[in-house]
Every structure is written in C-alpha cells, then in structure tokens.
Amino acid sequence: MLYGPFVEGSRREIIIPNISCSTMKLLIQFIYTGQVHLENANVIVPLIQAADQYSVMGAKEEFGKAAQDFITKASKNQINHVIKLIQDALQVDLPLIVKLGFDYIDQHTTEVFES
C-alpha cells in the first residue's frame, strides 16, 4: 500500500474512512505491544472490527476477553455501556459478547429495569 502503485504510496497520510483515529491508535498499540488499555467499552466492537479487517492475529480474541472482563465487572452505573456493547455486538455478529451481555442483564434484571 505505501510503496506500490497505490495513491497512498505518494502521500504522507493514509485515509481509512471506516476506522476512527482513536480506534486505529489502539489497534497499532496492540500490534506493537500485544496489549491495549481500554478506557471504556465503547471501543471494543470497533476494535474487533478493525482487527478483523486487517487480520491482526490474536486481536479479536484479546478484545473479546476485554469485553468479557468489562461485562463481568460492570457496576450498576455502567448498565448503559453494557447495553450499548450488546447493540454493537449484534450489528457485527459477535455472539459471545451478546451472550455475555444478556447473561449480565439476566443477573442484574432489577438494576436494568431501574436504569
């Protein structure tokens, strides 16, 4: 891409229209370090999509673990983040994350209805 006959080879920047800058930074961080620090759950599904798009080995599994970790540790004030994570996972067909989210809702039904 950068050294071939593509447009990107003659420019100083690459435009990737379907991945946000913050998502790409986190993906590059994972590529270089094998780790990533996620500030919130909203970036997990976009990261999984980006990792899948660029075939980053081990990334989908690692980010899936991050989603699982977030869901299992989510507090009452993070219910909306869990629901958003479920919605995003449904859109991109990530059944494990959807199941974990629904399990969370099942275990915290009263809190979910109160939120």
Residues of segment 18-36 classified as in contact with a helix residue (DSSP H, G or I) (Cβ under 9 Å, 6 or more places away or on another chain), assigned to a helix (DSSP H, G or I) and of a type outside the set (A, V, I, L, M, F, W, C), total:
2
Taking the criterion of being touching a helix residue (DSSP H, G or I) at 6+ places or on another chain (Cβ under 7 Å) and outside any helix (DSSP H, G or I), would at least one residue in segment 82-90 satisfy it?
no
Residues 112, 98, 92, 45: which one is surrounded by 16 or more Cβ atoms within 10 Å (Cβ to Cβ) and within 21 Å of residue 20 (Cα to Cα)?
45
So is residue 39 at pLDDT below 90, part of a loop (DSSP other than H, G, I, E, B), of a type outside the set (A, V, I, L, M) and at negative phi or not?
yes
Looking only at segment 62-81, filter to residues that are under 24 Å from residue 29 (Cβ atoms), touching a residue at least 12 places away in the same chain (Cβ under 8 Å) and not small (Gly, Ala, Ser); which one of those is surrounded by the most Cβ atoms within 10 Å (Cβ to Cβ)?
63
May I ask you to list the residues in segment 92-102 that are free of Cβ contacts under 8 Å to residues at least 12 places away in the same chain and either of a type outside the set (Lys, Arg) or assigned to a loop (DSSP other than H, G, I, E, B) (or both)?
93, 95
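The values are calculated or read from the model by the stated rules, or taken from the named source; none is laboratory data. Note that the structure is predicted; figures quoted are calculated from it, not measured. Counting neighbours? That spans all protein chains shown, and the Cβs are built from the backbone with ideal geometry, glycine included.
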